[in-house]
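For reference, the structure is listed below as structure tokens.
The values are calculated or read from the model by the stated rules, or taken from the named source; none is laboratory data. Just so it is clear, the model here is predicted, and its values are computed rather than measured. With ideal geometry, Cβ positions are generated from the backbone for all residues, glycine too; neighbour counts draw on all protein chains shown. Surface accessibility is based on the protein's heavy atoms, side chains included, excluding ligands, DNA and RNA. Shrake-Rupley method; radii C 1.70, N 1.55, O 1.52, S 1.80 Å.
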Amino acid sequence: CPVVLAPKNSSVAMPPPADIVKVAIEWPGAFPKLMEIDQKKPLSSIIKEVCDGWSLANHDQFALQHADSSNFYITEKNRNEIKNGAILRLTTSPAQNAQQLHERIQSSSMDAKLEALKDLANYSRDVTFAQEFINLDGISLLTQMVESGTERYQKLQKIMKPCFGDMLSFTLTAFVELMDHGIVSWDTFSVAFIKKIASYVNKFASDISILQRSLAILESMVLNSHDLYQKVAQEITIGQLIPHLQGTDQEIQTYTIAVINALFLKAPDDKRQEMANILAQKQLRSIILTHVIRAQRAINNEMAHQLYVLQVLTFNLLEDRMMTKMDPQDQAQRDIIFELRRIAFDAESEPNNSSGSMEKRKSMYTRDYKKLGFINHVNPAMDFTQTPPGMLALDNMLYFAKHHQDAYIRIVLENSSREDKHECPFGRSSIELTKMLCEILKVGELPSETCNDFHPMFFTHDRSFEEFFCICIQLLNKTWKEMRATSEDFNKARKRV
């Protein structure tokens, strides 16, 4: 095979070394410096080289940061993210910057203090800066400013009060950004700080930025600390939160639902149903339906996620009934089955249920229980000993019988008049359907952190799960008739629904 040699005078372009990155570096008052960064060199050596180029001493007090909107510092950990053509900035080191801002936010000059807090809110997004500022006990300084700030600045003249609103907004923003890095535990905050943040939910309802940050802090407190959950629950009521859902700002609505979800999620088991009852009394569902879901604007992903979480938490209230077996000896539970029979066959029943011999009544009950589609005709209570769906299936059947009585009676009578092989047994169907709905809606599972698959129809009724069952059981019966299905086709018909 002949070997083709390149002409002596030709040049072959070689790709740049993988460890070399070409960047531009800015410094105030100077032309940007084009430079090749060798990623194999220590970052401190590169910073020294940049400083030497501009005759800057004390290179250990400088650092590089991205010159885009993030302003994030470049460290040994993230330096590999630098791309060719990136624009960097030489600036003071994170430690120096943190020290300067720590001093500036304590300035006696209101203008200087405001500008410093604005800078702090911006820099706190960077974890490298955040660590340095936190090391200076910066979180404690911010919380002290919040706790004492209102009383201190309310004494100022009216002309200065708008300045306080901006200062508080930047202070809370910086606090939220610093805490989001997970460096400091939420368990360290005082009751005074919690009370102050909770008070802002009402006091500064018209200031969107303060309200939004306050709601975000309350949500994080509840989710990250059991002790703080209890304290926040004592300070914030559902009644205080609901007005924020009736506004037009979707971000505020989102954070409001997030706080409600957090309180719901962290509530002890014995308090969760109590909270659900309060939410029902306050008509939360109808308010969300009117002012959020049916509002004349698109629902963004974060709002969709919070609605999904609320949907899941609401359905999870059914878990207890889903996992409760029926006790065949419990008369109250047996009475539910008697009520199902009474509603379905009342017209056919004897005027006096106590008349006739015991054997005759037992025979009549067995016949009726067979018509109702129970597997165990003699003792249908045994049909509800499997979990899931446990007692939840019986609850659904009773709800259907009471709230959709005509449809219930029609389904029972239609099937009891069919040939045995073509009947769609109501009892068995209800149990299997309830189990299937629990699986589809993931009853008892914790909400996913990324899912935003909420269903608007579940916000249209206070008993949405039961109503959904009622729709599905009728659809199952209709599908069964159209298929002329037999008992062997049960799973096939269920899947079509």
Quick one: what are the phi-derived ³J(HN,Hα) couplings along the stretch 297-309, Karplus 6.51/-1.76/1.60 with θ = phi - 60°, whole Hz, x for glycine and proline? 7, 6, 8, 6, 4, 5, 5, 4, 5, 5, 5, 4, 4
Report the Rg/Rh value for the stretch 20-92, based on alpha-carbon coordinates and the Kirkwood definition of Rh. 0.91
For the stretch 126-133, Karplus-derived ³J(HN,Hα) couplings (6.51, -1.76, 1.60; θ = phi - 60°; whole Hz; x for glycine and proline) come out as 8, 5, 5, 5, 4, 4, 5, 5
Any idea which of Leu437, Trp186, Thr248 is furthest toward the positive side of the dipole for the chain, if Lys and Arg beta-carbons carry +1 and Asp and Glu beta-carbons -1? Leu437
Rounded to two decimals, what is the ratio between the C-alpha radius of gyration of the chain and 2.2 N^0.38 Å? 1.44
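How much FRET efficiency would the formula 1/(1 + (r/R0)^6) give for Gln144 and Thr450, where r is the Cβ-Cβ distance and R0 is 22 Å, rounded to 0.05? Provide the component values of the computation, followed by the final result.
Working: r = 37 Å, r/R0 = 1.67.
Approximately 0.05, to the nearest 0.05.
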For His291, what accessible surface area do you get with a 1.4 Å probe? Give it in Å², rounded to 10. 60
Linear extension gain, Ala295 paired with Val184, 0.36 nm per residue minus alpha-carbon span: 36.1 nm
What's the angle, to the nearest 10 degrees (0 to 90), between helix 464-483's Cα axis and the longest principal axis of the chain? 60
Between helix 208-224 and the chain, what is the angle of the helix's C-alpha long axis to the longest principal axis, kept within 0 to 90° and rounded to the nearest 10? 70
For the charge dipole of the stretch 184-238, defined by +1 on Lys and Arg C-beta atoms and -1 on Asp and Glu C-beta atoms about the Cα centroid, which residue among Ile208, Leu218, Gln230 has the Cα displaced farthest towards the positive pole? Ile208
Step through the table entries Lys371/Lys481; Lys325/Lys371; Lys231/Lys282, compare each Cα-Cα distance with 19 Å, and write down the pairs that go over it. Lys325/Lys371; Lys231/Lys282
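If I compute solvent accessible area with a 1.4 Å probe over the protein chains, what percent of it on the chain is carbon and sulfur?
Numbers: 13160 of 26090 Å².
Within the chain, the accessible surface is 50 percent carbon and sulfur.
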Label point 7 Å out from Asp60 along Cα-to-Cβ: which residues of the stretch 23-46 have amide N under 17 Å? 42-46
Average accessible surface area per residue within the chain, 1.4 Å rolling probe, Å²: 52
Assuming R0 = 45 Å, can you tell me the calculated FRET efficiency for the pair Arg484 and Gln329, based on Cβ-Cβ distance, to the nearest 0.05? 0.65
Using the Karplus equation 6.51 cos²θ - 1.76 cosθ + 1.60 (θ = phi - 60°), what ³J(HN,Hα) coupling, rounded to whole Hz, does each residue of the stretch 63-71 give in order, writing x for Gly and Pro? 8, 9, 9, 5, 8, 8, 5, 6, 6
At what distance in nm do the modelled label points of Asp270 and Ser357 sit from each other, each positioned 7 Å from its Cα along Cα→Cβ? 5.2
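Do any of Lys118/Lys195; Lys40/Lys83; Lys402/Lys442 go past 19 Å between their Cα atoms, and which? Please report the intermediate quantities before stating the final value.
Numbers: Lys118/Lys195 24 Å; Lys40/Lys83 15 Å; Lys402/Lys442 26 Å.
From Lys118/Lys195; Lys40/Lys83; Lys402/Lys442, over 19 Å: Lys118/Lys195; Lys402/Lys442.
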Along the positive direction of the dipole of the chain (beta-carbon charges: Lys, Arg +1; Asp, Glu -1; about the Cα centre), which of Gly165, Leu101, Asn58 reaches farthest? Gly165
